[in-house]
Amino acid sequence: MKFRGTILTVAVASLAAFWGCSSNSQSAGNSAETGSPELAGILMLDGGKPAAHARVQCVPGNYNIIAASEAEQVLLSAFETETDENGNYEFDSIPSGNFSLEAFHQESGQMLLLQNLNAEEDESLAVNDTLQGPGTVKLLVSGAFRENQSGEAIVIGTTIRRSVSVQNGKIVVDSLPADTFDLLIYMDNLFPVGFEGIAVQPNKTTVWGDSMTYTFKAPLALPEGIDTLGSVVSDFPLAIRLTEKEIAFDSVEMVNGRWEAVRISKDGNRSKKLPITQTYFDASAKEAVFWVSVDSLNVSDSLELHFDNTMNPAYAKDVFPTNRSYSLVWHFDSGLEPVGDGAERGYFEGLPTGAVAADGVVGKGAKLDDGDAIVAENSAIADTSRKVNLVFDMKGYFCFSTWVELDALDKEQTIFEKAKEYALLYVPEKGFVVEVYHIADSSDALDTASYKVSWASGADGIKAGEWTYVAFSRRAFEQTVFYLNDAKVSASPEQSDWDDSKVTFSLEPSDRIDSVGVRAYFEVGGFTGKLDELMVGGCFRDDTWTRLTYLNQKPENYWPQLVPRK
């Protein structure tokens, strides 16, 4: 007999010298009156104290806790007893043949399970042991078990019956005694599933099944041919991609577990664990993506990434913290109904009309036709109850980055727009154009004209049907950073008159009015093609930050790439 965390003493001898045996005859099992074996012993708690007033049961080997009738589930009283103040117990009658001994101490919660006990006729059995704290077992299961599906599990040949549920791809069975046993799982209308030889340790969670770990290194050295960083970058969100080159996607269990990341400096110092979250996993496409917030990005450093499917997949939620001026982050990986906001507080969900999911540069993207739109909810006006908003005036900080794939380049198209505030357009001959608008202040006698300031990228490097990275950052009227792919745009701002009645929103007029009658919602749409990794914020991103974002997110030859950790 094998078990974990207990010390078993079994002596075959007369126990009369230690315990007085009752002469009461029993109708169940064997009886001392007829020369059949008796059972007695002392039970202790794992702290060394007697297990006083603990419930003790002898359970026949053929006992069925999931019996058809309640009568069949009742254990005969002859097989139940309680320890005295010193932890002593005794049975005048025990089940014939193979049986289990169970004990539970209610005050401490400690318990005991000893299986496959047996005693010969006319011999007494002594079992002394120590109760232990209960353990938990997580059983790795297949995709046939739905998330949050409930059921129950039994230990065959015992009275142990536990509620179970599927959590993160694992069946979780709690409060199990320390031993090695077989489990039978009943869930909904599925056939019972058996697990054999599960060893549960006291006070611990044991994951039973095929454990899986991966450890990778992500060198942060820039790709060959790329010059060095021009500035120090901190709190940088890094997309890490997994392909079939790095992991096996044959089992969907890969998504059930946790990734952890640390930064390792050139001299071997390790950082604290970095914020990390998984956004995309597609077993059929053999792709997965997670994001890491690198506290300090030095190209002589590396990231170490470790995966363990036995750990709870609870991730940090500050990869895109709003205190770093991320207002809106749309990855499109979680679907379009609605679009999930990847910023820490999740302030701006996207409500799509007509847009559908499509392949993106990192995970999934969004595909739109001319009349399709994605509108950011609650983005109409500045709201002082929020820590961030999507309102950026001419005097403040403003930045965005996104990837755009246009089906055709022969007409003007709106990529995104916040009416009367700013927009990203595509204009033939001019390329991508960023416009920031100023509305005349009627209360200011000197401010009588509305105008717009625009920056044009030029058409070089833009091709129909190919992804283009567009990034813009402004600190003041003349302090801007504008990138098209990996090339910085030398674009001078142009100021011109602007008619504020020009609004290109595809929403119905009644839906375009906010609570104070202003048409001011943030909307993506007005083009035919795809969009991915849209980030909007109220800060200034320099050349280094902007180029690293391009290198990290571009569809092919992206940076950094994972290698096995040796």
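Going from the alpha-carbon gyration tensor of region 125-210, what semi-axes, largest first and in whole Å, does one get by taking the root of 5 times each eigenvalue?
Three semi-axes, in Å: 24, 14, 11.
Please report the net charge: other residues with Cβ closer than 13 Å to the Cβ of Glu80, K and R +1, D and E -1.
-3
Glu147 to Asp370: extension gain in nm, 0.36 nm per residue of separation minus the Cα-Cα distance?
76.5 nm
Quick one: order Glu337, Glu85, Glu260 by neighbouring beta-carbon count within 10 Å, fewest to most.
Ordered from fewest to most neighbouring Cβ atoms within 10 Å, Glu337, Glu85, Glu260 come out as Glu85, Glu337, Glu260.
How much length, in nm to one decimal, is gained on full extension between Asp497 and Asn86, taken as 0.36 nm per residue of separation minus their Cα-Cα distance?
Residue separation times 0.36 nm, minus the Cα-Cα distance, leaves 138.6 nm.
Give me the extension gain from Asn62 to Arg565: residue separation times 0.36 nm, minus the current Cα-Cα distance, reported in nm with one decimal.
Once the chain is fully extended between Asn62 and Arg565, it gains 176.0 nm.
In what sequence do Thr136, Thr228 fall when counting other Cβ within 10 Å, fewest first?
Thr228, Thr136
Among His331, His53, His306, which comes first, second and so on when ranked by fewest other beta-carbon atoms within 10 Å?
His53, His306, His331
Just grab the label-to-label distance for Lys217 and Asn378, each label 7 Å out from Cα along the Cβ direction, in nm (one decimal).
According to this spin-label approximation, the distance is 4.5 nm.
Using the basic label-point model (7 angstrom from Cα toward the beta carbon), what is the Ala487 to Val74 distance in nanometres?
8.8
Starting from the Cα coordinates of region 307-362, work out the convex hull volume and express it per residue in Å³.
Considering the Cα atoms of region 307-362, their hull volume per residue is 123 Å³.
Treat every Asp and Glu Cβ in region 214-319 as -1 and every Lys and Arg Cβ as +1, leave all other atoms uncharged, and give the resulting dipole magnitude about the Cα centre to the nearest 20 debye.
Taking the Cα centre of region 214-319 as origin, the dipole is about 240 debye.
Each value in this text was obtained by applying a stated rule to the coordinates, not by laboratory testing. Only a predicted model underlies this, so the values are computations on that prediction, with no experimental measurement involved. A quick note on method: Cβ atoms are made from the backbone with ideal geometry, for glycine too, and the neighbour counts reach across all protein chains shown.
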